[in-house]
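Chemist: Structure in structure tokens, see below.
Values quoted throughout were computed directly from the atomic coordinates according to the rules given, and no laboratory measurement underlies them. Predicted model only: the values in this text are computed from it and were never measured. Quick reminder, even Gly has a Cβ in these numbers, built from the backbone with ideal geometry, and neighbours come from all protein chains shown.
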Amino acid sequence: MLRVRVAIVGASGYTGGETLRLLLGHPNVETLQATSDSYAGKPVSWAHPNLRKRTQLRFVPHAELAACDVLFLCLPHGEAMKQIERFESLAERIIDLSADFRLKSPDTFRSYYGIDHAKPERLATYVYGIPELHREAMRTSRHISSAGCNATAVILALWPLFKHRLADTTRTIADVKTGSSEAGVSATPGSHHPERSGAVRSYSPTGHRHSAEIIQELSVTEPVTVQMSATSIEMVRGILATCHVTLKSRLTIKDIWQVYRQEYGNEPFIRLVAENHGIFRFPEPKLLAGTNYCDIGFELDKNGERLVVISALDNLMKGAAGQAVQAFNLMYGFDETTSLEFTGLHP
């Protein structure tokens, strides 16, 4: 059995902790190293108490990162690109969970992130990390840039429509509601409990950074524009994307189902929600906590011209660590679902 030596850089955050949790249960992962300057020397369970008695691993400082087969980079945005030469010298393969290598255009990166890219010549070497779109490229790639969580929810919701040229390219609006873990482990005024509890707060009505990824990935057959708004709600894990689409021509619900089944019918981590009645007839983030699934459903208006597509996922899993491990499995030829089999809880 092939055993892969793995290290996680920036393992004390939420995304790093989820990646660590998944890789500890992966049968093909041989050794683990988890870096954190702030927790150096301490057991990983100090930052991730869910891992108590699961591992004896301790954090090491970033400077002591050793050579391995693959590095998972779970650093804040803007940090990976500054050190990418060092990281690539230590590992044959890189999976970056930050936004540093998601965009192919340095100009677009500058426009959305407000800084110049430190290594623009490397942008073309990273495969954008949604397996359902780029599975074959991942199988042979040495560098993968894992997709943004909001972007993943919206792209998966809309990909079949734009691939088949069914949606108007200028009139799509995605309303995304997000849980608090999306903001990361560091506290902010907006994450302070008295300010966050009970709130439904619009934090990015326009210009969200993930909009750039959405436009990039959905513009494969023709240029598209998708307007995205983001709202934080009182939920720890989860994203619910409600996408309003104007169709180019009238379609029936049967037509829509045929297109989505054609694209996603064999996908292991996309579930099409088809119930006609009950409280779970549309995707629900609560059901997906801890899973690598993205649930997708939709409703067509009576005249067949306006379609509402709804997707849900766990932002720390299919929106981050789970999707990264899915990409890792593809890179090494493992079963794509390895270490990602958890099906969620109800109630």
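Chemist: Please find, in a Gaussian network model of the chain (springs between Cα atoms separated by less than 10 Å), the residue of 227, 83, 323 whose mean-square fluctuation is greatest.
Modeler: 83
Chemist: Out of the DSSP beta bridges found with both residues in the range 150-313, what percent are antiparallel (nearest 5)?
Modeler: Within the range 150-313, antiparallel bridges account for around 70 percent of the total.
Chemist: Hey, another quick one. Stretched out fully, how many nm does the piece from residue 118 to residue 52 gain, at 0.36 nm a residue minus the Cα gap?
Modeler: On the way: separation 66, 0.36 × 66 = 23.76 nm, distance 3.83 nm.
Taking 0.36 nm per residue and subtracting the Cα distance, the gain is 19.9 nm.
Chemist: Restricting to the chain, compute how many DSSP beta bridges are antiparallel as a %, nearest 5. Walk me through the numbers before you get to the answer.
Modeler: Working: 26 of 59 bridges.
Of those bridges, close to 45 percent are antiparallel.
Chemist: Which of the GluC sites (Glu not before Pro) across the range 194-278 are loop residues per DSSP, with 13 or fewer other Cβ within 10 Å? Numbers along the way, then the final one.
Modeler: Values: sites: 195, 213, 217, 234, 263, 275; in loops: 234, 275.
Within the range 194-278, the qualifying GluC sites (Glu not before Pro) (loop, at most 13 other Cβ atoms within 10 Å) are 234, 275.
Chemist: For residue 325, what is the net charge nearby, where nearby means another residue's Cβ is under 12 Å from its Cβ and Lys, Arg count +1, Asp, Glu -1?
Modeler: That works out to -2.
Chemist: While we're here: Based only on other Cβ atoms within 10 Å, what is the fewest-to-most ordering of 318, 119?
Modeler: On the way: 318 29, 119 16.
Least to most surrounded, the residues fall as 119, 318.
Chemist: Would you list, by chain and number, the lysines whose Cα falls below 23 Å from the Cα of residue 104, excluding same-chain residues fewer than 8 positions away?
Modeler: Answer for residue 104, where 23 Å is the Cα cut-off: 82, 119, 163, 318, listed by chain and number.
Chemist: How would you rank 317, 81, 235, going from fewest to most other Cβ atoms within 10 Å of each one's own Cβ?
Modeler: Working: 317 30, 81 24, 235 18.
Fewest to most other Cβ atoms nearby, the residues stand as 235, 81, 317.
Chemist: Given a Förster distance of 25 angstrom, what is the FRET efficiency for residue 173 paired with residue 261, based on the Cβ-Cβ distance and rounded to 0.05?
Modeler: E(calc), rounded to 0.05, equals 0.50.
Chemist: Highest GNM mean-square fluctuation, the chain, Cα pairs closer than 10 Å: which of 168, 69, 335?
Modeler: With Cα springs under 10 Å in the chain, the top fluctuation among 168, 69, 335 is at 335.
Chemist: While we're here: What is the sum of charges around residue 232, taking Lys and Arg as +1, Asp and Glu as -1, for the other residues whose C-beta is under 10 Å from the C-beta of residue 232? Walk me through the numbers before you get to the answer.
Modeler: Details: positive: 177, 196, 201; negative: 182, 234.
That sum, taken over residues with Cβ under 10 Å, equals +1.
Chemist: Moving on. Listing 140, 246 from the residue with the fewest other Cβ atoms within 10 Å to the one with the most, what is the order? Intermediate values should be presented prior to the final figure.
Modeler: On the way: 140 9, 246 14.
Listing 140, 246 from fewest to most nearby Cβ atoms yields 140, 246.
Chemist: With each run of n ≥ 4 DSSP H residues scored as -39500 (n - 2.57), what mean residue ellipticity at 222 nm is computed for the chain after dividing by its residue count and rounding to the nearest 500 deg cm²/dmol?
Modeler: Details: 9 runs with 88 residues, N = 347.
Value at 222 nm, helices only, nearest 500: -7500 deg cm²/dmol.
Chemist: Here is a further query. Specify the residue with the greatest mean-square fluctuation among 162, 72, 280, computed from a Gaussian network of the chain linking alpha-carbon atoms under 10 Å apart.
Modeler: Highest fluctuation among the options: 280.
Chemist: Over the range 150-313, what is the relative contact order in percent, taking alpha-carbon pairs closer than 8 angstrom and at least six residues apart? If you can, show how the numbers build up before the last one.
Modeler: Values: 316 pairs, mean separation 48.9, N = 164.
It comes to 30 percent, rounded to a whole number.
Chemist: Tell me the relative contact order for the range 100-152 as a rounded percent, counting alpha carbon contacts under 8 Å between residues six or more apart.
Modeler: On the way: 55 pairs, mean separation 18.3, N = 53.
Across the range 100-152, relative contact order equals 34 percent.
Chemist: Check residue 69: other-chain or 5+ apart residues with amide H under 5 Å from its amide H, H built from backbone geometry?
Modeler: Here 5, 6 satisfy the definition.
Chemist: I'd like the FRET efficiency for residue 231 and residue 45, computed as 1/(1 + (r/R0)^6) with the beta carbon distance as r and R0 of 25 Å, rounded to 0.05.
Modeler: Working: r = 34 Å, r/R0 = 1.35.
It comes out at approximately 0.15.
Chemist: Using only the alpha carbons, work out the radius of gyration and Dmax of the range 150-313 in angstrom.
Modeler: When restricted to Cα atoms, the range 150-313 yields Rg and Dmax of 16.0, 48 Å.
Chemist: Now a separate question. So if we plug the beta-carbon distance of residue 286 and residue 30 into 1/(1 + (r/R0)^6) with R0 = 25 Å, what FRET efficiency do we get, rounded to 0.05? Numbers along the way, then the final one.
Modeler: Values: r = 35 Å, r/R0 = 1.42.
Efficiency, rounded to the nearest 0.05: 0.10.
Chemist: Given 0.36 nm per residue, what is the gain on full extension from residue 191 to residue 125 after removing their alpha carbon distance, in nm?
Modeler: 20.2 nm
Chemist: Extending each Cα 7 Å along its Cβ direction at residue 305 and residue 2, get the distance between those two points in nm, one decimal.
Modeler: That separation, rounded to one decimal, is 5.2 nm.
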